Amino acid sequence: MRNKRDNVEASEEDSQEIGHKAKPAEDLGTIINKLVADSEIGKKIKRYNIFNHWSEIVGTEIGKKTKPEKLYKGLLYISVANSTWANELSLMTEHLVKKINTYIDEPLVKGIRFKLQ
């Protein structure tokens, strides 16, 4: 009479005879992260990370004077405290775009538009 252990050993032998290698088990968190990253939800999460982690991305000083409003067709619209900040940040646009895209690990932001609050 065969027990469970014999069945497990037999199934491993059968898979090796067929030429299959046993794959190591992945943990549930890894599987979920892969599914989310490859889906539309993953893209939305990256997009929302810009808004949820704004001060972390641009720094606290800029974060206090600005607020990201929307991302539309690759343009990030940012409210700015005053025209001086808008002018200063417009000179830093390329640098800010790189920082944002590096943070979200995807080139979603192509440009930035500033508007007074």
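The values are calculated or read from the model by the stated rules, or taken from the named source; none is laboratory data. Note that the structure is predicted; figures quoted are calculated from it, not measured. No Cβ is skipped: glycine too gets one built from the backbone with ideal geometry, and neighbour counts run over all protein chains shown.
At a glance:
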| quantity | calculated |
| --- | --- |
| Candidate set: segment 48-65, residues that are within 15 Å of residue 99 (Cα to Cα) and surrounded by 16 or more Cβ atoms within 10 Å (Cβ to Cβ); chosen: the one nearest to the chain's Cα centre (by Cα) | 49 |
| Of all residues making up segment 76-117, the number that are of a type in the set (S, T, N, Q), outside any strand (DSSP E or B) and surrounded by 14 or more Cβ atoms within 10 Å (Cβ to Cβ) | 2 |
| Residue that is surrounded by the most Cβ atoms within 10 Å (Cβ to Cβ) [pool: residues in segment 66-75 that are over 16 Å from the mean Cα position of the chain (by Cα) and of a type outside the set (Val, Ile, Thr)] | 68 |
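To keep it simple, each residue is scored yes or no on (1) more than 21 Å from residue 115 (Cβ to Cβ); (2) at pLDDT 75 or above; (3) out of contact with any Gly (no Cβ under 9 Å at 6 or more places or on another chain).
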residue: 8; (1), (2), (3): yes, no, yes
residue: 17; (1), (2), (3): yes, no, yes
residue: 26; (1), (2), (3): yes, yes, yes
residue: 32; (1), (2), (3): yes, yes, yes
residue: 37; (1), (2), (3): yes, no, yes
residue: 63; (1), (2), (3): no, yes, yes
residue: 77; (1), (2), (3): no, yes, yes
